[in-house]
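Heads up: the structure comes next, in structure tokens.
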Amino acid sequence: MGDKTMTAEEAVSRLHSGMTLGIGGWGSRRKPMALVRALLKTDVDDLTVVSYGGPDVGMLAAAGRIRTLVAAFVTLDSIPLEPHYRAARERGAFGLMEIDEAMFLWGLRAAAHRMPFLPVRAGTGSDVMRVNPGLRTVTSPYGDGETFVAMPALRLDAALVHVNRADRLGNGRYLGPDPYFDDLFCEAADTAYVSCERIVDTAELTGAAPPQSLLIRRHTVTGVVEAPGGAHFTSCAPDYGRDEAAQRGYARTPWPEFAAHYLGGDAPAYPPAAGEGA
């Protein structure tokens, strides 16, 4: 119930190698890039990463931090396939559990509700069972006798998400057009770290927008990090759009060169001004 504010460095210091890490956002939209950047500056590796993937996955893959990825896609949105992810996957750098978007959602829901699995129609009649031989099906115990995919819970050791506003207690609000599934990432995790564009008083947080936009509840949050521009170069509507120039620079730049700028202690202040590039 107390003040949960901390720095990005303090948040990632609580993570450890070998854990299962969920990362919120969607593609190249409202990704917790300040937290990802802080994580990349540590020696944490051997991760199972669970994400509707974007540059978070691409960077962690390029840096060799992923043991297994659970994802429905890895995209930069305006660049359909994340290039650093693709390169790492083509060289067999990590294992992949590739599932349907709805299966992913149901896996998060199962974990949030502390269920071992939830039945879902998504994936039936596709190759998802072939490429994931560990998946099982269940048959309805009622008269219909329908068969469903038994989507296992995507239980997380920790989650990283980014929202527009938060208070010091851990409540978080999104102001854009889409909540994605950041609340489920927090609920599915043992610990959750929320970065935000700005920390505000609870009264301002709860009175500034429709109640349904109060996405993150304090009881699911371990730490709150104020990180203006913390989703850059991904979008964080309505605060800012995706920095397409910076994203193109990331996509075209070999990882060692990009990392030297993105992570290097002598690099210019990050993030750069909108449109300045990475």
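The values are calculated or read from the model by the stated rules, or taken from the named source; none is laboratory data. Computed from a prediction, not measured in an experiment: that's the story for all the values here. Heads up, the Cβs are rebuilt from the backbone with ideal geometry, glycines too, and the neighbour counts pull from every protein chain shown.
Of L21, L60, L81, L40, which residue is within 18 Å of C186 (Cα to Cα) and among the aliphatic types (A, V, I, L, M)?
From the options L21, L60, L81, L40, the qualifying one is L21.
Only one of these is closer than 21 Å to T7 by Cβ and either modelled with pLDDT under 95 or touching a Lys or Arg at 6+ places or on another chain (Cβ under 8 Å) (or both): A274, A269. Name it. Walk me through it before giving the result.
On the way: A274 fails: closer than 21 Å to T7 by Cβ.
Criteria check complete, one pass: A269.
Here's a check for you: in segment 199-214, which residue that is touching a strand residue (DSSP E or B) at 6+ places or on another chain (Cβ under 6 Å) and closer than 28 Å to S13 by Cβ is surrounded by the fewest Cβ atoms within 10 Å (Cβ to Cβ)?
I199
Which of (1) surrounded by fewer than 19 Cβ atoms within 10 Å (Cβ to Cβ); (2) in contact with a Ser or Thr (Cβ under 7 Å, 6 or more places away or on another chain) is the odd one out, the single condition L76 does not satisfy?
Going through (1) surrounded by fewer than 19 Cβ atoms within 10 Å (Cβ to Cβ); (2) in contact with a Ser or Thr (Cβ under 7 Å, 6 or more places away or on another chain) one by one, L76 breaks only (1).
Filter segment 40-73 down to the residues that are part of a loop (DSSP other than H, G, I, E, B), hydroxyl-bearing (S, T, Y) and surrounded by fewer than 24 Cβ atoms within 10 Å (Cβ to Cβ) and list them by number.
Initially, segment 40-73 is screened for residues part of a loop (DSSP other than H, G, I, E, B), giving 41-46, 52, 54, 63-65, 72-73.
Going one step further and asking which of them are hydroxyl-bearing (S, T, Y), we end up with 42, 52.
Result: T42, single match.
Residue check: is E9 loosely packed, with under 15 Cβ neighbours inside 10 Å, of a type outside the set (V, I, T) and in contact with a helix residue (DSSP H, G or I) (Cβ under 6 Å, 6 or more places away or on another chain)?
Values: loosely packed, with under 15 Cβ neighbours inside 10 Å: yes; of a type outside the set (V, I, T): yes; in contact with a helix residue (DSSP H, G or I) (Cβ under 6 Å, 6 or more places away or on another chain): yes.
For E9, the condition - loosely packed, with under 15 Cβ neighbours inside 10 Å, of a type outside the set (V, I, T) and in contact with a helix residue (DSSP H, G or I) (Cβ under 6 Å, 6 or more places away or on another chain) - is met.
Out of the residues in segment 129-185 that are among the β-branched types (V, I, T) and either touching a Gly at 6+ places or on another chain (Cβ under 9 Å) or assigned to a loop (DSSP other than H, G, I, E, B) (or both), state the one that is farthest from H232 (Cα to Cα). Steps first, please.
Step one: list which residues in segment 129-185 are among the β-branched types (V, I, T), which gives 131, 137-139, 147, 149, 161, 163.
Checking which are either touching a Gly at 6+ places or on another chain (Cβ under 9 Å) or assigned to a loop (DSSP other than H, G, I, E, B) (or both) leaves us with 139, 149, 161, 163.
Values: T139: 45, V149: 37, V161: 13, V163: 12 Å.
Here the residue is T139.
Pairs, please: C-beta under 8 Å, at least 6 apart or cross-chain, first residue closer than 15 Å to D182 by Cα and in a strand (DSSP E or B) and in segment 214-231, second among the basic types (K, R) and at pLDDT 95 or above?
Short answer, once both residue conditions are applied: I216/R173; G223/K4; G223/R14; V224/K4; V224/R168.
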